[in-house]
Ligand code: G3H
């Protein structure tokens with residue numbers, strides 16, 4: 001099976017809309033001189049920048065994909081401050097992150113809510129990037145695999161195979177996010193491999209072999225190649241290092 005790696009820049013709550021435009025233009029310029037079809041590139045800007053990014057990407061027929069950092073489980077209604085699947089699909093988003101550890105931590109998102117958001121994403125033609133991963137206490141106790149697989153089970157509950165086969169899973173050990181402390185390639189492989197194994201149990205080996213599993217947590221240009229060399233790591237969800245367009249381009253071109 002050939003899984004095309006997905007390198008996604010999660011900007012989190014960074015870059016204003018002018019910076020966002022400049023950033024995407026820089027990415028487009030830096031990636032245009034070369035065929036980078038072998039790697040899929042995506043950015044996840046704040047909601048308010050999605051329309052600008054759409055205009056740049058569509059207008060210039062760029063190969064850069066984009067998506068949102070969150071989605072409401074509801075389609076519409078009295079949910080002040082929320083953004084719905086229909087709004088995101090109207091903006092031609094490809095991806096949406098679901099259950100990022102910062103959403104789970106600061107907005108108390110449960111596996112049940114993440115599951116509803118995964119379903120909302122698929123319902124509206126968006127590809128969820130379901131984020132899972134353990135905190136430091138769990139890692140210290142050696143329970144990272146069971147903890148992470150439990151989140152995976154919760155997020156995928158009652159999601160049919162026709163949808164699950166296109167999901168992206170991001171394994172992000174919380175202790176490695178924004179800390180500069182990257183998991184070793186072996187740590188990343190251990191859990192990413194276990195995630196693929198669970199997908200095979202839940203669905204089929206064929207489906208599991210199709211699903212892309214990203215690693216996230218302090219990925220930068222200097223460490224991405226070693227992580228990508230692991231058999232079950234199919235890309236990276238990059239936070240801090242994706243804010244610098246030059247650095248992100250180096251990450252995308254990890255094979256160079
Ligand atoms: O979504 C991205 C991850 O949370 C990783 O963030 O690269 O700043 O550690 P980071």
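The values are calculated or read from the model by the stated rules, or taken from the named source; none is laboratory data. Since the structure is predicted, the reported quantities are computational estimates derived from the model, not experimental observations. We place every Cβ from the backbone using ideal geometry, glycine too, and count neighbours over all the protein chains shown.
Just to be sure, is residue 109 part of a helix (DSSP H, G or I), within 16 Å of the ligand (Cβ to nearest atom) and surrounded by 18 or more Cβ atoms within 10 Å (Cβ to Cβ)? Here the answer is no, as residue 109 does not meet what is asked. The one condition from (1) surrounded by 15 or more Cβ atoms within 10 Å (Cβ to Cβ); (2) more than 14 Å from the chain's Cα centre (by Cα) that residue 81 does not meet is (1).
With respect to (1) under 30 Å from residue 208 (Cα atoms); (2) crowded, with 22+ Cβ neighbours inside 10 Å; (3) within 16 Å of the ligand (Cβ to nearest atom), the lone exception for residue 11 is condition (2). Out of the stretch 194-213, which residues are in contact with a helix residue (DSSP H, G or I) (Cβ under 9 Å, 6 or more places away or on another chain) and closer than 16 Å to residue 230 by Cβ? Across the stretch 194-213, the qualifying residues are 194, 195, 196, 197, 208, 209, 211, 213. Considering the conditions (1) at pLDDT 95 or above; (2) within 22 Å of residue 178 (Cβ to Cβ); (3) surrounded by 18 or more Cβ atoms within 10 Å (Cβ to Cβ), residue 27 is excluded by exactly one of them, (1).
Scan the stretch 226-249 for residues that are more than 15 Å from residue 4 (Cβ to Cβ), outside any loop (DSSP other than H, G, I, E, B) and within 14 Å of the ligand (Cβ to nearest atom) and jot them down. Correct list: 227, 237, 238, 240, 241, 242, 243, 247, 248. Looking at this structure, is residue 20 within 16 Å of the ligand (Cβ to nearest atom), at pLDDT 95 or above and crowded, with 18+ Cβ neighbours inside 10 Å? No. Yes or no: the stretch 82-99 includes at least one residue that is within 16 Å of the ligand (Cβ to nearest atom), assigned to a helix (DSSP H, G or I) and modelled with pLDDT of 95 or more. So far as the stretch 82-99 goes, no, none of its residues is within 16 Å of the ligand (Cβ to nearest atom), assigned to a helix (DSSP H, G or I) and modelled with pLDDT of 95 or more.
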